[in-house]
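Data block below; observations after.
The values are calculated or read from the model by the stated rules, or taken from the named source; none is laboratory data. If you're wondering where the values come from, they're calculated on a predicted model, not measured in any experiment. Cβ placement follows ideal geometry from the backbone for every residue including glycine, while neighbour counts extend to all protein chains displayed. Each accessible area value is taken on the protein alone, full model and side chains, heavy atoms only, with ligands, DNA and RNA left out. Shrake-Rupley method; radii C 1.70, N 1.55, O 1.52, S 1.80 Å.
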Amino acid sequence: MSLKQRLYFMLLAVMLFAITVGLVSLTLLANKQAKNDAQQRLLDTAELIVQDIVFANITDDLARLDQRLHIYVQQQFLKEARWNSPNGASLIAQAQSSSMAPEWFEQLSRFQPQVLRQEVVWFAKDYGELILTSDISVSVNQLWSLLQHWLWIMLGLLFTVVLTIEALVQPSIRQVQRLTDEAVRLGEGKLDEPIPVEGYAEFATLSQAMEDMRAIFLNSVSRQRLQREQLKNIGIENEQRHRWLKSLLDSMRVAVLLEDPERRVVFANQLYCNFFRIAIDPIALKNHSGAQLELQTKLLFADPVAFISQSDLLISARKPVTNQLFYMQDGRWLARDFIPVMDDIGRVKGHFWMYQDVTDIYGLRQALSDERDLAQVTLSSIGDGVITTDLHGLVTFINAEATRVTGWDITQAKGLPIVTVFKAKAEEGDGSWLDPVSRVLATGEKVELSSHTLLYHQTEDKQTPIEDSVAPILDRLGRVIGTVLVFHDVSDKYALEQSLRWQATHDALTQLIGRQEFERLLHQAQERQGDYALIYLDLDQFKLVNDTAGHLAGDELLRQVTDLFKSNVSDVHVLARMGGDEFAVLIKGDVDEAMRVAEGLRLALAALRYQYLGRVYQISVSIGVVPDIGAQPDMHMLMAMADAACYAAKNAGRNQVWLYQDTDTYLVSQQAEMTLVSDLHDALAKDRFELHAQKLIPLQSSGTERGLHCEVLIRLRDVEGNLVSPAVFIPAAENYGLIYKIDRWVIEQTLKLLGSDADILAKVSVCSINLSGQSFAQSDLVGFITNCMHQYGVPGHKLCFEVTETAAVSQLSQVADFIRAMRELGCQFALDDFGSGQSSFRYLKHLPVNYLKIDGSFVQDMLQDKMNEALVRGMYEIAHSLGMQTVAEFVETAEVANSLRDIGVDYAQGWHFHRAQPLQRLLQPLTEQSA
Amino acid sequence: MVNNTLFSKKLSFYFALIGLFVLYQHTALAGQTYRFGVTNVETVMTTAAQWNPILAWLEQRTGIRLTLQMGMNAEDTQARLMRGEYDFFLGYPLLQDAVREPLGFRVLLKSKNVSNRSAIVVQAKSRYRSLSDLKEAKLWVTHESAFIAHTLPMAALSGAAVKVRLQSVSNQESLVMAFKMGQIPAAALNLGMFERAMAGHSEDYRILWSSADLPSLPIGVQNSVPLGVAERVQAALIEMVNDEAGQKILQSLNRRMGAKLSGWQVATDAEYQFAIAGYRQLERGKLACDD
């Protein structure tokens, strides 16, 4: 059946189908629609007729009702309208049939008249029954008319389609036929004639495509012819190359065997036959089995089994292998290379075997290997860690010692970057990892790392201090080919250094840092200019514990106090033992923090009940706080301020915290005193003290003394050359423990001056030197004075040491011992400022002094104050009764002198007789007198 | 003994007669349908909607079957009334001498609490401001038998010496609808019914004249209706407001119609003398109405 026939057939089928479907659908639809319409119309009509029925009944006008029924029936949807009244009467109206469709269609359409029965009730009043019957003729007529239209439309469509087919399809069919013929021609291989491109757009496109295909086929055929020609030429070339390759392989010093995938020999050179003592021509080996040849020649090898098994392994592995060494029975070494010949997709096309006599090379290599092994063993045996790298900084060797320290063995480390294996930091650096190898590789120069280098273990949980150096490895031409890194574990040395450093900076008893280290940290804090404060602590009653319970108790107390302080001082602060019973805390914080810590320490210590050998001691602490230490550039001044504040706390009653403030007058005076103390130190160092003296004048003519009797007085000249009164600097010197140094200076200078000229010495009767209570605390005072006496040649009887009543009483035993010791050397002693202290006369029994110096406060106004006069008299009487001579101080008037004389006082000292003057000037007239 | 037997027989006979009579009455009553006419104030259908439920209730209550009857229009109703086609009648027309005297109509009942006023109304946008403005104007009215909607307005116009040109409409409901749609400029009608219909549109009309509140439409009965029947109907209608079913009917009616019907009460002719006199006066032609 042709395409055209099929088209017509399909068209007809479609048309018939459409008509049938349309007819059925229309009928069903119309039927349903008609039914619905009829029912609705009947209802609507019934509604109207009901009203008419009611109206007619009420108005008693049934004739009108009958008329109305006929009118309704005449509306073409009603076949019959019937009203049955309650009393049995009926009114009927019927319509004439008006169907236009043939009867068979009417039956086929299956339209059914609708009947409506309805009771006529109007607001509870029964007006009978209404029966309406619909007329189907209208619906039948409508459907019949619709069907006719539908048929006409279908016919028209059919006609149109046929025309379209005839107009469009026929030419297309012709074109398809033409293209079919052309395709057949192409299939027969007739490619020479071109395919015309014509017709409708689609056919033209198809024709063009077919024409392109023809051209491609034609080109392809031409290329194939050309390739065949080329292949033929290639074959000739290959033949030539083959002959050339053969001659090349024959001339090589390498035995060559080429096999196909089944191990049949494709080619073997003469040297192969020579190596394996194959007597036949290599050409004759073609197609022999390579495996057979191996079996035949295996006995030439020292280990034939290994030789054969290796070959099998290589073939099965299908990977190139070079330098397989085999030892031959005749002592030669053969090196074998195996190359599987593969095509582009990985299929084995052959096996290529090469054999080379490497006996000479192997020997050399073996020697090198032996040397390398020896070197490695040597390196492994030495005590230093050794790591070598190549030119790129990758590890090539690591010895056992390096493995121990780094945690990397050779199998792990080989090939890794050196910075991975050798991880070191400078102990006091910026925390970055060191990389000396890079520097060596870059510069070619040896690099030594700092002595304080820490090498990290692989797991980084351990660091080892090392000393290290890295040197380049150079070849014969001086080029860097690697590096060698050598390091020595200095853990022991490091530990010792650390220990010494620790000992130098820490207090052994309390394990706290010591004064020196603390001052260093303090200085650092000052320079940082941050928020820092200084707390200075001085234990109260520590001396009591030490003196009463002994040094062991004192040490234990210090340990307990240290533990207490540690538990009350945060780790951000620095706690130190400054010495003795003094502690300090460097507070990282403001004044509030410092005060809080200070108060906490005070309370903690106040709560401490120190027990030792059954005795309980109540301990407290005096604390000075200096805030904002960065504002004080001078650290010594800072310490002095802290000390002053601490001292102020003590003076205020102990167990207190005293905050240093610039406006604190007490501390200001303390600070002035401290400044003075600093000046005193300087004065001592630079000899800015001066010796002055004041004469003691005998008041009684019976005195046997001849010569100068004077009291040596100390004067200080400040940096500007002004004299500073002893009343100013002596208390400061006493407070800060310098007075004994001044005493010693006075002693030495006085003896030096007296001993400088024999005449002067001869003219001096007694030279009184004041000694402070602190001097007596110095155990070597007797020795010092004795040495000076001997050094300067001053006899003891020329000297009188004046001791204040207060000092004598507070250190009674020391003073008494000193007096006894020095009296044996002829020295004399005077008890100074007698009467001003709180001692009783009882002490005079224990102090074998020569002179009793009555305090000037009693002498000055003894003429006005009878009590003073009586006291002076009393002191004189007692002194004399004890065999002592009396000296009255501060004699400023003749009347006082006379009164003293009358009393019997032996000597007078005061402005009335002599104002103090430089000792040298006082002694000078004596030399002039001598002259 | 014989006397006793005879007496018993007579007594039985009499009882039987009485029983038959009662049975006859009941049967007669049950079989006979009385015609209840209503004046054409509203359309036939509207009137039926109102009165069919009431009459059905009456039948159920009393056993007396009443069927609603009306003329197609007021004129037709008047003619039927005069022919005696109504046994009961609701409306003022029964008070006409031409109806009362030959048919013996008497008033039985009237509605309770129903306002009944007559009025002459005009469109608010019309030029009519007083009755005198209606001189020679067209005035729409219902049939002359309507006392409230026709007789009284005519009397008022006559009293004002205003002559109008009358245009008749079959019933007041149609008249009110036409006015509401603006089709007629002036009308005479029952004010109560008008106001119910024009609820919410008070600004659209103007009342030129209205009467005093008059008694509501009477229900009357012919002499031909047995007394017992009339009395029973009367009693039932009076009792309707007290009956549960009757109340529901009245409430439903009020909802639908917008009325305020609250039952019926006894009424007599004496209460409607004014209407009777008015009809007489109309008959005498002393009212100046149409031309």
Handout entry: Yes/no for A:Lys286 being at pLDDT 85 or above, in contact with a strand residue (DSSP E or B) (Cβ under 9 Å, 6 or more places away or on another chain) and either β-branched (Val, Ile, Thr) or open to solvent by 80 Å² or more (accessible area, probe 1.4 Å) (or both)
Key = yes
Exercise for the section: State whether the residues of the stretch A:300-316 include one that is under 21 Å from A:Asp250 (Cα atoms), over 60 Å from the mean Cα position of the chain (by Cα) and not in a helix (DSSP H, G or I). Expected result: no
Practice task
Kindly establish whether A:Ser810 is within 60 Å of the chain's Cα centre (by Cα) and either in the same structural domain as A:Leu919 (by TED's automatic domain parsing) or surrounded by fewer than 19 Cβ atoms within 10 Å (Cβ to Cβ) (or both).
Solution key: no
Fill in the blank from the handout: Out of (1) among the aliphatic types (A, V, I, L, M); (2) surrounded by fewer than 18 Cβ atoms within 10 Å (Cβ to Cβ); (3) under 27 Å from A:Ala124 (Cα atoms), the one B:Ile219 does not meet is (2)
Exercise for the section: Can you give me the number of residues within the stretch A:15-47 that are over 28 Å from A:Glu166 (Cβ atoms) and either of a type outside the set (A, V, I, L, M) or modelled with pLDDT of 85 or more (or both)? Expected result: 17
Practice task
Evaluate the stretch A:568-580: report whether one residue or more is surrounded by 16 or more Cβ atoms within 10 Å (Cβ to Cβ) and part of a loop (DSSP other than H, G, I, E, B).
Solution key: yes
Practice task
Give the stretch B:62-79 a look and list any residue that's open to solvent by 30 Å² or more (accessible area, probe 1.4 Å) and at the interface with chain A (Cβ under 10 Å from one of its Cβ atoms), or say none.
Solution key: B:Met72, B:Asn73, B:Asp76
Exercise for the section: Taking B:Glu59 as the residue in question, decide whether it is open to solvent by 10 Å² or more (accessible area, probe 1.4 Å), within 13 Å of another protein chain (Cβ to nearest Cβ), modelled with pLDDT of 65 or more and within 15 Å of the chain's Cα centre (by Cα). Expected result: no
Exercise for the section: Go through the stretch A:403-454 residue by residue and tally those that are buried (at least 16 other Cβ atoms within 10 Å of the Cβ), of a type in the set (Asp, Glu) and in a strand (DSSP E or B). Expected result: 0
Problem - Contacts under 6 angstrom Cβ, first residue in the stretch A:1-14 being over 13 Å from A:Leu163 (Cβ atoms), partner in a helix (DSSP H, G or I), 6 or more apart - result: A:Leu3/A:Ile173
Handout entry: the stretch A:118-132, subset in a strand (DSSP E or B) and open to solvent by 10 Å² or more (accessible area, probe 1.4 Å), residue farthest from the other protein chains (Cβ to nearest Cβ)
Key = A:Ile131
Practice task
Restrict the check to the stretch A:209-217 and report whether at least one residue is open to solvent by less than 50 Å² (accessible area, probe 1.4 Å) and in contact with a helix residue (DSSP H, G or I) (Cβ under 7 Å, 6 or more places away or on another chain).
Solution key: yes
Problem - Condition check for A:Ala594: in a helix (DSSP H, G or I) and either out of contact with any strand residue (DSSP E or B) (no Cβ under 6 Å at 6 or more places or on another chain) or under 11 Å from A:Leu534 (Cβ atoms) (or both) - result: yes
Handout entry: Residue list for the stretch B:74-123, restricted to those being of a type in the set (Lys, Arg) and either assigned to a helix (DSSP H, G or I) or at pLDDT 90 or above (or both)
Key = B:Arg80, B:Arg83, B:Arg100, B:Arg106, B:Lys110
Exercise for the section: Tell me, please, whether a residue that is touching a helix residue (DSSP H, G or I) at 6+ places or on another chain (Cβ under 9 Å), modelled with pLDDT of 90 or more, assigned to a helix (DSSP H, G or I) and under 22 Å from B:Leu261 (Cα atoms) can be found in the stretch B:124-134. Expected result: no
Handout entry: From A:Leu147, A:Leu91, residue being away from chain B (no Cβ under 14 Å) and either assigned to a helix (DSSP H, G or I) or open to solvent by less than 30 Å² (accessible area, probe 1.4 Å) (or both)
Key = A:Leu147
Practice task
Answer with yes or no whether A:Ala533 is without any contact (Cβ under 8 Å) to a residue 24 or more places away in the chain, closer than 30 Å to A:Ala649 by Cβ and either open to solvent by 80 Å² or more (accessible area, probe 1.4 Å) or outside any helix (DSSP H, G or I) (or both).
Solution key: no
Practice task
Go through the stretch A:319-344 and give me each residue that's open to solvent by 40 Å² or more (accessible area, probe 1.4 Å) and under 54 Å from the mean Cα position of the chain (by Cα).
Solution key: A:Lys319, A:Pro320, A:Val321, A:Thr322, A:Asn323
Exercise for the section: With the condition kept exactly as written, say whether any residue in the stretch B:172-188 is open to solvent by 40 Å² or more (accessible area, probe 1.4 Å) and without any contact (Cβ under 8 Å) to a residue 12 or more places away in the chain. Expected result: yes
